[in-house]
Amino acid sequence: MRGIRLRQMITAAGLALAGVALAGCAGESSLAEVLQSAGAVPVSSTTSAGNSEFNPFAEPSGTVTPARKVIQNPTLADVLKPGPLPEMALGRADAPVTIVKYASLTCPYCRKFHLETFPQLKREYIDTGKVRFILREFPIGFQSGAATIALRCAPPERYFELYGKFLQQQAKWVSQEVRLDPIFKIASQVGMTRAQFDACYENQGMINALKEVKERGRTLGVIGTPNFFINDRLVKTVIGMEEIRAMVEPLLAAHSGRLAAKDHSHSE
């Protein structure tokens, strides 16, 4: 019944495509603000949605959320602190540099980075063992939240493949009427069955864990998407290869210097 209710609630909400795109990148926007900026009519409280601000990652009604404490100048240890879900990562675990990307599946700038920058980043730094790349979910808006749940239900070895498909095919599932069926059509491209897909939305433990991942990002200072950590440096904007090289190369040089100094001390 919970899965059916979720589908009814999502189907009841209407958003203009432009508003959806902007909402997918603005970390602190409420759904009500998005509806207003998109020129859409809010869902009546008498509809099956019951609430125009439905979000699968929202706290239950009546929950008191404590004031958020943002860590000032987080260390690399803070950034890499284990969370409730396994990290979805590419590259050597002991790579000298770690890049963490916080992403929302509806964010057009996340799509731009994935299509235009990530392939070169992977060839130049990840595949060569210089960078470990970690992707963390930061869903913004209920449509992104619903897709993120499906993404985490994919087999770990298909996670990045499905992530890419959601970004590449945003126009097919981010629409004026946001429904689960278009999301399932994307998820099915990596072999997910409808039964598996529907079961994802009954997995409250996983949904709660995804909430924790997002909240931890906020604690680290993440405010929207895409946001990146280059080791312990937070970058709150879209970056290309020029910016990545400018930040990564000094870190690699410093790492090489430490290794050389260590070898020299051992040889004496």
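When segment 116-145 is filtered for residues that are at pLDDT 95 or above, within 25 Å of Ser188 (Cβ to Cβ), in contact with a helix residue (DSSP H, G or I) (Cβ under 7 Å, 6 or more places away or on another chain) and not in a loop (DSSP other than H, G, I, E, B), the ones remaining, listed by number, are Leu135, Arg136, Glu137.
Listed here are the residues, each with its yes/no results for (1) touching a residue at least 60 places away in the same chain (Cβ under 8 Å); (2) surrounded by 19 or more Cβ atoms within 10 Å (Cβ to Cβ).
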{"residue": "Arg123", "(1), (2)": "no, no"}
{"residue": "Arg136", "(1), (2)": "yes, yes"}
{"residue": "Ala146", "(1), (2)": "yes, yes"}
{"residue": "Met192", "(1), (2)": "no, yes"}
{"residue": "Lys214", "(1), (2)": "yes, yes"}
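Here Lys122 qualifies as within 30 Å of His255 (Cα to Cα) and charged (D, E, K, R).
Inspect all residues belonging to segment 226-235 and state whether any of them is in contact (Cβ under 8 Å) with a residue 24 or more places away in the chain and on the phi > 0 side of the Ramachandran plot.
Of all residues in segment 226-235, those in contact (Cβ under 8 Å) with a residue 24 or more places away in the chain come to 226-232, 234.
Pick out the ones that are also on the phi > 0 side of the Ramachandran plot and you get 231.
Looking through segment 226-235, at least one residue is in contact (Cβ under 8 Å) with a residue 24 or more places away in the chain and on the phi > 0 side of the Ramachandran plot.
Answer yes if at least one residue in segment 169-180 is surrounded by fewer than 16 Cβ atoms within 10 Å (Cβ to Cβ) and in a helix (DSSP H, G or I), and no otherwise. The answer is yes; a qualifying residue exists.
Taking the condition out of contact with any His (no Cβ under 6 Å at 6 or more places or on another chain), under 30 Å from Thr75 (Cβ atoms) and buried (at least 16 other Cβ atoms within 10 Å of the Cβ), does Thr225 pass? The answer is yes for Thr225. One residue stands out in segment 81-119 among those that are buried (at least 20 other Cβ atoms within 10 Å of the Cβ) and among the hydroxyl-bearing types (Ser, Thr, Tyr): the one that is farthest from Ala253 (Cα to Cα), namely Thr106.
Out of Ile244, Ile239, Ile207, which single residue is in contact with a Pro (Cβ under 9 Å, 6 or more places away or on another chain), closer than 24 Å to Phe113 by Cα and either in contact (Cβ under 8 Å) with a residue 60 or more places away in the chain or not in a helix (DSSP H, G or I) (or both)?
Numbers: Ile244 fails: in contact with a Pro (Cβ under 9 Å, 6 or more places away or on another chain); Ile207 fails: closer than 24 Å to Phe113 by Cα.
The conditions single out Ile239.
The values are calculated or read from the model by the stated rules, or taken from the named source; none is laboratory data. Remember, it's a predicted structure, so these values are computed and weren't measured experimentally. Glycine gets a Cβ as well: all are built from the backbone with ideal geometry, and neighbour counts include every protein chain shown.
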